[in-house]
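**Student:** First, the structure itself, so that you have it in front of you.
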Amino acid sequence: MLYPELFKQLESVRWDMDKDIPWGSFEASKLSDEQAQTIKMNAITEWSALPATEMFLRDNKDDSDFSAFMSIWFFEEQKHSLVLMEYLKRFRPELAPTEKELHEVRFEFEPAPALETLMLHFCGEIRLNHWYRRAAEWHTEPVIKHIYTTLSQDEARHGGAYLRYMKRAIGKFGDEAKAAFSKVGVLMASARRTAQALHPTNLHVNKALFPRDTIQSRLPNPEWLEQWLDTQINFDSGWESKVVERILHNMSLLLDRSFKSVQELNRYRKELAATLVAAGAGPQPRSA
Ligand SMILES: [Fe+2]
Ligand SMILES: [Fe+2]
C-alpha cells in the first residue's frame, strides 16, 4: 500500500493556513479588481475536487489503497479553494464565491476507465503547477503571490503521488496500463493549446448535461479560463513547452524509454496498441 507512506510524506510538508500565509503583508494598492476576479474563479475551480473525488471513489471501488489516498488529495484541494476564499473574504469580500456558486460545479461525471483518469489527473497536476507558477509571477500583491506559489508546490506533489500510483499500475496491469497512459499522455501533451486548454476541469464529462458538462462551463464566467491564460497570466508557448517537457520526462522514466517529443510518444502508443491487438488483449487500433 502506498497510502501510509504518502500520508507521512505529504503531512510532513503541509502548510498551515494561519501561520504559513503572511496575511499581515497585504498591500491593498497592489491588487486590481481584474486580479481579484481571477482569484474567485480559481477558488471555484479548486472546489471541483469535490465531484472529482466522488468520481474517483466510485470508479476505484476495488482499490482501497488509492481510495484512502483520495482523503489526502481531497483535503488538500478543498484547502486550496478555502485559502483563496479566505483571501477574498479578508480583502475583497464582495468577490468571495457564494455557496450556490460553489455548489454549481458539483455534478456527476460519467464513469470512465480508471487508468486513463489517473493519467489525466497526473497531467492536470503538472499543468496546474505551471499555471500557478505563472499566476504567482503575474500577480503584484505579495500575499496572493505567496499563496499561488504555495498551491503550485502542492500541485507538483499531487502529480508525484499520482505518478507513484501509475508505477504501481504498470506492475499490476503491464501493457494495459502503459497503453492507457501513453494514449492520454499524447492527448494531454499535444503541444500548443488547440481549441481549448487541456485540463480535467475543461473536459466534457457528462453527455447528458452537454454543453454544461465541464467544470469551466459552470463558473459564473465560463470564458474566464481562456482569458486568464491568453491575456492575463499570458501562458505562452514557452510555458506550454515546459508542461510538455515535464510530461514527456515523466513518461520516459515511467515507461523506461526516452520520449523527446509527443510524436515519439505517439509512435510508442501505436506500437503498443498493435502488440495488444496481436495478443488479442487490447482495443482495436485507432488511426490518429
Ligand atoms: Fe489545487
Ligand atoms: Fe492538485
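The values are calculated or read from the model by the stated rules, or taken from the named source; none is laboratory data. It should be emphasised that the depicted structure is a prediction, and the values quoted were computed from it without experimental measurement. For neighbour counting, all protein chains shown are included, and Cβ atoms are generated from backbone atoms with ideal geometry for every residue, glycine included. Only protein heavy atoms, including side chains, enter the accessible area calculation; ligands, DNA and RNA are left aside. Shrake-Rupley method; radii C 1.70, N 1.55, O 1.52, S 1.80 Å.
**Student:** Considering only Cα-Cα distances, which of the following residue pairs are longer than 31 Å: 30/242; 207/270; 100/178; 89/242; 40/242?
**Tutor:** In this structure, 100/178; 89/242 lie more than 31 Å apart at Cα.
**Student:** Calculate, in nm to one decimal, what residue 89 and residue 256 gain on full extension: separation in residues at 0.36 nm each, minus their alpha carbon distance.
**Tutor:** That pair, residue 89 and residue 256, stretches by 55.4 nm at full extension.
**Student:** Could I ask something else about it? What order do 67, 29, 258 take when sorted by accessible area (1.4 Å probe), most exposed first?
**Tutor:** Putting 67, 29, 258 in descending order of accessible area: 29, 258, 67.
**Student:** State the extension gain, in nm to one decimal, for the chain segment bounded by residue 209 and residue 277, taking 0.36 nm per residue of separation less the distance between their alpha-carbons.
**Tutor:** Here the answer is 21.1 nm.
**Student:** How long is the gain from residue 249 to residue 28 if the chain were fully straight, where each residue apart is worth 0.36 nm and the alpha carbon distance is subtracted?
**Tutor:** Computed gain between residue 249 and residue 28 is 75.5 nm.
**Student:** Give the Rg/Rh ratio for the stretch 157-244, taking Rg as the radius of gyration of the Cα atoms and Rh as the Kirkwood radius, to two decimals.
**Tutor:** Rounded to two decimals, Rg over Rh is 1.03.
**Student:** Taking the alpha-carbon centroid of each part, what is the distance from the stretch 68-136 to the stretch 257-277 in angstrom?
**Tutor:** Each part reduced to its Cα centre gives a spacing of 31 Å.
**Student:** Can you put 48, 190 in order of accessible area, largest first, using a 1.4 Å probe?
**Tutor:** Listed by decreasing accessible area, they come as 190, 48.
**Student:** Further, regarding this structure: Can you work out ³J(HN,Hα) from phi for every residue in the stretch 117-126, in order, using Karplus 6.51 cos²θ - 1.76 cosθ + 1.60 and θ = phi - 60°, giving whole Hz and x for Gly and Pro?
**Tutor:** Rounded to whole hertz, the list is 5, 4, 5, 4, 6, 4, 5, x, 5, 4.
**Student:** Kirkwood-based Rg over Rh for the chain (C-alpha set), two decimals?
**Tutor:** Taking Rh as the inverse mean 1/r over Cα pairs, Rg/Rh reads 0.97.
**Student:** For the chain, what is the accessible area per residue in Å² when the probe is 1.4 Å?
**Tutor:** Roughly 47 Å² per residue, with all protein chains present.
**Student:** Suppose accessible area is computed on protein heavy atoms with a 1.4 Å probe; arrange 187, 6, 209 from highest to lowest.
**Tutor:** Result of the area sort, largest leading: 187, 209, 6.
**Student:** What figure in square angstrom, to the nearest 10, would you give for the accessible area of residue 275 with a 1.4 Å probe?
**Tutor:** Rounded to the nearest 10, that gives 80 Å².
**Student:** Ok, one more. Need one word for the stretch 117-199: rounded, prolate or oblate. Basis is the Cα gyration tensor (sqrt eigenvalues a ≥ b ≥ c); a/c below 1.5 gives rounded, then a/b vs b/c decides.
**Tutor:** Oblate.
**Student:** Mind checking which of 165, 144, 252 is farthest towards the positive end of the chain's charge dipole, using Cβ charges of +1 (Lys, Arg) and -1 (Asp, Glu) about the Cα centre?
**Tutor:** Projecting each Cα onto the dipole axis, the largest value belongs to 252.
**Student:** Go ahead and estimate [θ] at 222 nm for the chain from helices alone: -39,500 (n - 2.57) per DSSP H run with n ≥ 4, summed, over the residue count, rounded to 500.
**Tutor:** -21000 deg cm²/dmol
**Student:** So, with +1 on the Cβ of K and R and -1 on the Cβ of D and E, and no other charges, what is the size of the charge dipole of the chain about its Cα centre, to the nearest 20 debye?
**Tutor:** With Lys and Arg at +1 and Asp and Glu at -1, about 780 debye.
**Student:** Angle check, please: helix 49-59 long axis (alpha carbons) against the longest principal axis of the chain (alpha carbons), in degrees 0 to 90, nearest 10.
**Tutor:** 20
**Student:** As a test question: what accessible area, to the nearest 10 Å², does residue 94 have when a 1.4 Å probe is rolled over all protein chains in place?
**Tutor:** The accessible area comes out at roughly 130 Å².
**Student:** Here's something else I'd like to know. Excluding residue 184 itself, what net charge comes from residues whose Cβ is under 12 Å from its Cβ, given Lys and Arg +1 and Asp and Glu -1?
**Tutor:** Net of charged neighbours comes to +2.
**Student:** Take the chain, connect every pair of alpha-carbon atoms lying under 10 Å apart with a spring to form a Gaussian network, then pick out the residue of 76, 108, 99 with the largest mean-square fluctuation.
**Tutor:** Result: 99 has the largest fluctuation of those listed.
**Student:** Moving to a separate point now. Quick one: dipole size for the stretch 1-81, taken about the Cα centre, charges +1 on Lys/Arg Cβ and -1 on Asp/Glu Cβ, in debye to the nearest 20.
**Tutor:** Its charge dipole is roughly 120 debye.
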